[in-house]
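Asks: Would you mind keeping the following structure in view while I ask a few things?
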Amino acid sequence: MGLLVAYILCLIVGQAITIGIGLSIDRYYSPTTSLAISLFLYFAMFWLAWKVAVRITEPKADTTASPSAR
């Protein structure tokens with residue numbers, strides 16, 4: 001459940017950034033350029049949000065000493 005929540009949160013933040021970038025590009029360049037970049041970022045954000053969510057929620061390595069080290 002934690003992975004899903006982390007994914008949704010990362011996706012919301014990422015898509016907000018994508019919208020901001022798209023609107024900024026639209027202001028200074030042609031709408032066609034803005035559309036192409038926005039579509040690429042929109043779909044790339046799903047992949048990136050998944051990678052970030054998995055990294056955030058992965059179990060931490062156990063840092064206790066091994067039995068042979070005693």
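The values are calculated or read from the model by the stated rules, or taken from the named source; none is laboratory data. Source: prediction; values computed, not measured. Reconstructed Cβ throughout: ideal geometry from the backbone, glycine too, with neighbour counts over all protein chains shown. Surface areas here come from the heavy atoms of the whole protein model, side chains and all, with no ligands, DNA or RNA. Shrake-Rupley method; radii C 1.70, N 1.55, O 1.52, S 1.80 Å.
Asks: Under a Cβ-only charge scheme (Lys and Arg +1, Asp and Glu -1), can you give me the dipole magnitude of the chain about the Cα centre, in debye to the nearest 20?
Replies: 180 debye
Asks: Rank 32, 57, 18 by mean-square fluctuation in a GNM of the chain with C-alpha springs under 10 angstrom and give only the top-ranked residue.
Replies: Per the Cα network of the chain with a 10 Å cutoff, 32 tops the list.
Asks: Semi-axes of the equivalent ellipsoid of the chain: what are they in whole Å, largest first, if each equals the square root of 5 times a C-alpha gyration tensor eigenvalue?
Replies: 40, 12, 8
Asks: Given a 1.4 angstrom probe, I'd like the percentage of the accessible area of the chain that is carbon and sulfur, rounded to a whole number.
Replies: Within the chain, the accessible surface is 72 percent carbon and sulfur.
Asks: Here's another thing I want to ask about it. Using only Cα atoms, tell me the angle between helix 31-57 and the longest principal axis of the chain; keep it within 0 to 90° and round to the nearest 10.
Replies: So the inclination is approximately 10 degrees.
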